[in-house]
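The structure under discussion appears below in the form of structure tokens.
The values are calculated or read from the model by the stated rules, or taken from the named source; none is laboratory data. Remember, it's a predicted structure, so these values are computed and weren't measured experimentally. Cβ placement follows ideal geometry from the backbone for every residue including glycine, while neighbour counts extend to all protein chains displayed.
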Amino acid sequence: MDKHTHEEGIILAPKFDAAGLVTTVVSDADSGEILMLAYMNAEALALTISTREAHFWSRSRAELWHKGATSGNVLVVEDIRVDCDQDAIWVIARPQGHGAACHTGRRSCFYRSVTGTGPDTELKIVGDAPLFDPKAVYGK
């Protein structure tokens, strides 16, 4: 596929990396808040498209992952977009269950802000408190 067709055409042809993955960002359909960043392989993308529930590839577990299968925090997909050169995916979703997307129990995985400079750089919690107890949900 030529560059113009890839960037301007109507054919979905993601550029998966050497590991067969494409970076995926998920935002809330109502607020626009970034909820999480994950990776999809071709199977996860196909399942997300067909089921309209988010599926990912877990790099740490090396397995397909249906978001919310264990926690109940399913991400119902409203829209799926690709960037200009199809090497990133944006999933716009409505969180179900506890309304949390993060395994820490928080709404968003992006709950810390970098503060300070140089040796004084640290993280400050800026997001909401956890919406559920991960130990109770995941048993860990």
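Overview of results
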| read-out | value |
| --- | --- |
| Residue count, segment 9-64 (criterion: modelled with pLDDT under 95 and buried (at least 16 other Cβ atoms within 10 Å of the Cβ)) | 0 |
| Residue that is surrounded by the fewest Cβ atoms within 10 Å (Cβ to Cβ) [pool: residues in segment 98-111 that are over 10 Å from Leu131 (Cα atoms) and free of Cβ contacts under 8 Å to residues at least 60 places away in the same chain] | His103 |
| Residue match in segment 117-140 (condition: under 30 Å from Ile11 (Cα atoms), among the aromatic types (Phe, Trp, Tyr) and not in a loop (DSSP other than H, G, I, E, B)) | no |
| Top-ranked residue in segment 32-50 [being part of a loop (DSSP other than H, G, I, E, B) and in contact (Cβ under 8 Å) with a residue 12 or more places away in the chain; ranked as nearest to Arg107 (Cα to Cα)] | Glu33 |
| Residue match in segment 83-91 (condition: over 27 Å from Tyr138 (Cα atoms) and either among the small types (Gly, Ala, Ser) or assigned to a strand (DSSP E or B) (or both)) | yes |
| Residue check for Asp79: part of a strand (DSSP E or B), closer than 29 Å to Asp2 by Cα, touching a residue at least 40 places away in the same chain (Cβ under 8 Å) and not hydrophobic (A, V, I, L, M, F, W, C) | yes |
